[in-house]
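The values are calculated or read from the model by the stated rules, or taken from the named source; none is laboratory data. Note that this is a predicted model, so its numbers are computed, not measured. With ideal geometry, Cβ positions are generated from the backbone for all residues, glycine too; neighbour counts draw on all protein chains shown.
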Amino acid sequence: MRVLGIETSCDETGIAIYDGERGLLADAVYSQTAIHAQYGGVVPELASRDHIRKTLPLIRQVLDHAELTATQIDGVAFTAGPGLIGALLVGAALGRSLAWSWNVPAIGVHHMEGHLLAPLLETPAPNFPFVALLVSGGHTQLIDVQAIGRYRLLGESVDDAAGEAFDKTAKILGLPYPGGPELAKLAERGDATRFRFPRPMTDRPGLNFSFSGLKTFALNTLQQELPSAIDAEQTRADIARAFEDAVVDTLVIKCRRALRETGHRRLILAGGVSANQRLRERMNAAISAERGEVFYPRPLFCTDNGAMIAFAGWHRLTAGQYESLQFTPRARWQLMDLPPV
Amino acid sequence: MKLLAIDTSGDACSAALIFDNSIEQRLEIAPRRHGERILMLMQALLDEAELQVIDLDALAFGCGPGSFTGVRMATAVIQGAAFAANLPVVAISTLAALAQGQFRRGGQRHVLTALDARMGEVYWGCFTIDNNDLAVSCAAERVCAPSQVALPKRADWFGVGSGFNAYAPELSSVIGHSLHGIDPFAHCEAQDVAVLAAAAFDAGQYVSAEGAMPVYLRDQVTRCQ
């Protein structure tokens, strides 16, 4: 079965084709970052307006690239939530209508299930069961994954998502939007020994996270240090480093704890923050010290993309799941509410 | 001529099929439930006529103005269907369709259309029904305050659309002397989109699936642009 995947949940238009026998045949992502940069965040109406311009041309591009004609597509998968409702609606309406007109089945995919399954597109792919850390601008969740659709929430952020904390702290440090990757770049020049930030909620049992305090800690440190700083740029870099170290350490501690609690040996990381290099290094070291294994998507598939939607959709469509003749995207949707395959 | 048209620009959700000089329509008042209904309505019309999408000559949609989300939904549905079946697309103004609908119901040949655009504004259009009984725009469609609307001089206009409800006093004080009646509760309907689209298609006014785009009229959607 060959599935066309459509992702439009936020500020990236992603289209891909996944073939059950041949794997990923084509993949393209168009990012709207430049449109939203001047506003310091995603403007939902502008995101929707751009998706309606870009989605269909990108579908044609991907079909051409895969040298496929429309009749060679056996199913359509579109992101049905969670995300910006207006943005989701573009991909959902277009995808469902395409499938209707092609007379093939369609499936609405959970965006986070897409992220969660993205490491399975790599070689070697992890076997079930595993623990998944979904870590992005919108989510920080630890999930016990028994199989596709059999998810148990182990812990999540009680306030800011890790990526959100990255972006907000980057703003405090005066970095351009989207700040997360910029902050990581700045942190490379930082002195890890100058400041030490707390590792929130690691001093007590449990697998929940809290990251909003770290940005306040960064702000206070900056206000305290900047007036007397000889090298303001170095101070910023040192704060960036201390912040990044605190987030990374916290994530590592909780992942290790989740593996011990579940008894699983495999950990997968997915979502935008899982592209962070320091996180990958520390996580690999910590988990391999416990004789566990860590799996990641390729950096391109850490952020939003159509490949993960095509792949997740393929799993559900081949299991016989599909949508009726409608599209009802949801801004909010719990991963745990998904049916098993 | 076999043409399927849809409109999801407001609270009503409708689809209409022109087939062998007859027209069939399905319309539902389904606020915020267009995604559940629109493809079903389209399928029902095709089933009844024993047609498939690929049998059609063209697809059409109400391209706006109206609810941003609504006109984008119609656009996306038509883009998808047209791309998959390789069909041409005709985009029809929802204001023109509203005027066409008023002619169909009441026979008025000079129609002012005003949709509530919120934020103290209306989507505004002026239409004349021509010798072929088709609504033709006689002034550029615009979004503006009710006090700013302009209309070609004549005394027998008929006003239609939610704007005449939301801004009744404002509109009445500006153009009341030129109005001989209003219907503030009429919806844009796919059957009127279809009638205008069939004529436009015959005149070669169609685009490819990718060329199907919404018309918002309101392009200022952020504060600091």
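Odds and ends about this structure:
- Odd one out for residue B:21, checked against (1) farther than 13 Å from residue B:193 by Cβ; (2) buried (at least 19 other Cβ atoms within 10 Å of the Cβ); (3) more than 8 Å from chain A (Cβ to nearest Cβ); (4) polar (S, T, N, Q): (2)
- The range B:133-152 residues that are closer than 23 Å to residue B:105 by Cα, paired with ones that are polar (S, T, N, Q) and assigned to a strand (DSSP E or B) (beta carbon under 8 Å, 6 or more apart): B:135/B:128; B:136/B:128; B:138/B:128
- Qualifying residues in the range B:57-80 (those that are surrounded by fewer than 24 Cβ atoms within 10 Å (Cβ to Cβ) and assigned to a loop (DSSP other than H, G, I, E, B)) - the one nearest to the other protein chains (Cβ to nearest Cβ): B:67
- Among the residues of the range A:12-29, those identified as touching a Leu at 6+ places or on another chain (Cβ under 9 Å) and more than 14 Å from chain B (Cβ to nearest Cβ) are A:14, A:16, A:17, A:18, A:19, A:23, A:24, A:25, A:26, A:27, A:28, A:29.
- Of the listed requirements (1) touching a strand residue (DSSP E or B) at 6+ places or on another chain (Cβ under 6 Å); (2) surrounded by 17 or more Cβ atoms within 10 Å (Cβ to Cβ); (3) farther than 20 Å from residue B:214 by Cα, residue A:58 misses just one: (3).
- All of (1) at positive phi; (2) touching a Lys or Arg at 6+ places or on another chain (Cβ under 6 Å); (3) surrounded by 24 or more Cβ atoms within 10 Å (Cβ to Cβ) hold for residue A:52 with one exception: (1).
- Which listed residue is under 15 Å from residue A:316 (Cβ atoms), in contact with an Asp or Glu (Cβ under 7 Å, 6 or more places away or on another chain) and at pLDDT 95 or above, from A:80, A:106, A:99: A:106
- Long-range neighbours under 7 Å by Cβ, at least six apart or interchain, first residue surrounded by 16 or more Cβ atoms within 10 Å (Cβ to Cβ) within the range A:326-341, second in a loop (DSSP other than H, G, I, E, B): A:330/A:82; A:333/A:82; A:338/A:149
- Residues of the range B:32-41 include at least one that is more than 20 Å from residue A:48 (Cβ to Cβ) and in contact with a strand residue (DSSP E or B) (Cβ under 8 Å, 6 or more places away or on another chain).
- Residue B:45 satisfies every condition listed in (1) under 16 Å from residue B:192 (Cβ atoms); (2) without any contact (Cβ under 8 Å) to a residue 12 or more places away in the chain except (2).
- Every pair of residues 6+ apart whose Cβ atoms lie under 7 Å, when the first sits in the range B:83-96 and is at the interface with chain A (Cβ under 9 Å from one of its Cβ atoms) and within 22 Å of residue A:62 (Cα to Cα) while the second is at pLDDT below 95 and part of a helix (DSSP H, G or I): B:84/A:70
- Count of residues meeting criterion [surrounded by 21 or more Cβ atoms within 10 Å (Cβ to Cβ) and under 28 Å from residue A:131 (Cβ atoms)] in the range A:185-196: 1
- In the range B:25-48, residue surrounded by the fewest Cβ atoms within 10 Å (Cβ to Cβ) [restricted to those that are among the small types (Gly, Ala, Ser) and farther than 13 Å from residue A:328 by Cα]: B:44
- Tally, over the range A:41-52, of residues that are in a helix (DSSP H, G or I) and more than 7 Å from every other protein chain (Cβ to nearest Cβ): 5
- Verdict on residue B:146 being more than 21 Å from residue B:188 (Cβ to Cβ) and touching a strand residue (DSSP E or B) at 6+ places or on another chain (Cβ under 8 Å): no
- Qualifying residue in the range B:99-122 (condition: within 14 Å of chain A (Cβ to nearest Cβ) and under 20 Å from residue A:90 (Cα atoms)): no
- Screening residue A:35 on (1) at pLDDT 95 or above; (2) within 13 Å of another protein chain (Cβ to nearest Cβ); (3) assigned to a helix (DSSP H, G or I) shows it passes everything except condition (1).
- Taking the criterion of being over 15 Å from the mean Cα position of the chain (by Cα), buried (at least 19 other Cβ atoms within 10 Å of the Cβ) and closer than 24 Å to residue A:307 by Cα, the residues of the range A:261-296 that qualify are A:266, A:267, A:294.
- Residues located in the range A:61-76, provided they are surrounded by fewer than 20 Cβ atoms within 10 Å (Cβ to Cβ), within 10 Å of chain B (Cβ to nearest Cβ) and either in contact with a Leu (Cβ under 7 Å, 6 or more places away or on another chain) or among the hydrophobic types (A, V, I, L, M, F, W, C) (or both): A:70
- Apart from one condition, residue B:3 fits all of (1) part of a strand (DSSP E or B); (2) free of Cβ contacts under 8 Å to residues at least 24 places away in the same chain; the exception is (2).
- For residue A:79, the conditions (1) surrounded by 21 or more Cβ atoms within 10 Å (Cβ to Cβ); (2) assigned to a helix (DSSP H, G or I); (3) more than 10 Å from chain B (Cβ to nearest Cβ) all hold with the exception of (2).
- Any hit, the range B:163-176, residues being outside the structural domain of residue B:66 (by TED's automatic domain parsing), under 20 Å from residue B:65 (Cβ atoms), surrounded by fewer than 22 Cβ atoms within 10 Å (Cβ to Cβ) and among the small types (Gly, Ala, Ser): yes
- For the range A:86-109, a residue qualifies if it is outside any helix (DSSP H, G or I) and either of a type in the set (Ser, Thr, Tyr) or surrounded by 24 or more Cβ atoms within 10 Å (Cβ to Cβ) (or both), and the qualifying residues are A:106, A:107, A:108, A:109.
- Scanning the range A:24-49 for residues that are in contact (Cβ under 8 Å) with a residue 12 or more places away in the chain, surrounded by 15 or more Cβ atoms within 10 Å (Cβ to Cβ) and of a type outside the set (Gly, Ala, Ser) yields A:24, A:25, A:27, A:29, A:30, A:32, A:35, A:36, A:42, A:44, A:45, A:46.
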